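First comes the structure, then the notes that go with it.
The values are calculated or read from the model by the stated rules, or taken from the named source; none is laboratory data. Please read all numbers here as calculations on a predicted model, not as lab measurements. Positions of Cβ are generated from backbone atoms using ideal geometry, with glycine treated the same way; all protein chains shown enter the neighbour counts.
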Amino acid sequence: IQSYGHLAHAMVVTALAFAVIAVAVRYLIEEDKAQVTNHHKFALPGNPLVYLVGLMALLTMISEGAVLDWAALYLQQELGTDLAIAGLAYAAFSGVMAVMRFAGDGVRNRFGAVTTLRVSALVAAAGMLVAGLAPSPWLAISAFAFCGFGIANMVPILFSAGGNQEGMSSGTGM
C-alpha cells in the first residue's frame with residue numbers, strides 16, 4: 001500500500017472481488033417459485049407459523065450478537081485472559097460461521113432444512129453451554145467456534161422458511 005497508494009490497493013481488491021464473483025455466480029441455485037403479482041394493501045400475515053419462524057430468527061440473531069458483544073469480555077474478565085487472546089473468541093466464532101455459511105446450501109440440500117435446523121440449534125446451544133462453563137480460555141474459544149458452526153445456517157434457513165410460506169409473497173413472509 002505504501003509504495004502504490006490506497007487507490008491501487010482498492011483497485012486490486014475490487015478486481016479480486018469481481019473475479020471471485022465471476023466464478024461463484026455459476027454455482028448459484030435457481031428457484032422455480034412464481035412471483036406473486038397481485039398487490040394488496042398492507043395486512044399482517046394470518047399464518048402463525050410466520051411469527052414462530054420470525055421469533056426463532058430473532059433469538060438466533062440475539063445469540064450471534066451476544067457472542068459478538070460479550071465473548072471477548074467474558075474471556076478477559078471471567079477467565080483472566082489478556083486482550084489479545086480474548087479477541088480470538090469472536091474470531092473463531094465468526095471464522096467458523098463464515099465457512100459454514102458458504103457450505104450451508106450443500107448441507108441443507110443433503111440433509112434437509114428441518115434436520116439441518118434442528119442439529120444446528122443443538123450444536124449452537126451446546127457450544128454456548130460449554131463456553132459458559134469452560135474452565136480454560138482455550139476451551140471457551142473452541143466452544144465459541146463450535147457455536148458458530150451451529151448458528152451459521154440457522155438464520156438463512158429461517159429466512160428461507162419465512163419467504164416460502166404458502167399463500168403469501170416472499171416479502172410478506174420475510
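Of all residues in region 49-108, exactly one satisfies the criterion of being among the β-branched types (Val, Ile, Thr) and touching a Ser or Thr at 6+ places or on another chain (Cβ under 7 Å), namely 107. When 141, 151 are checked against the criterion of being touching a helix residue (DSSP H, G or I) at 6+ places or on another chain (Cβ under 7 Å), buried (at least 19 other Cβ atoms within 10 Å of the Cβ) and within 30 Å of residue 47 (Cα to Cα), 151 stands alone in meeting it.
Confirm whether residue 89 is part of a helix (DSSP H, G or I) and over 30 Å from residue 29 (Cβ atoms). Yes: the conditions hold for residue 89. Screening residue 132 with (1) under 15 Å from the mean Cα position of the chain (by Cα); (2) exposed (fewer than 12 other Cβ atoms within 10 Å of the Cβ) gives one miss only, at (1). Residues in region 20-53 that are in a helix (DSSP H, G or I) and either surrounded by fewer than 10 Cβ atoms within 10 Å (Cβ to Cβ) or modelled with pLDDT of 85 or more (or both): 20, 21, 22, 23, 24, 25, 26, 27, 48, 52, 53.
For region 1-19, give me the residue count where each residue is hydroxyl-bearing (Ser, Thr, Tyr) and modelled with pLDDT under 90. Qualifying residue count for the region: 2. Only residues that are without any contact (Cβ under 8 Å) to a residue 12 or more places away in the chain and of a type in the set (Ser, Thr, Tyr) were counted in region 115-143, giving 1. Could you tell me which residue of region 61-106 is surrounded by the fewest Cβ atoms within 10 Å (Cβ to Cβ), considering only residues that are farther than 15 Å from residue 149 by Cβ and β-branched (Val, Ile, Thr)? Of everything passing the filter in region 61-106, 62 is surrounded by the fewest Cβ atoms within 10 Å (Cβ to Cβ).
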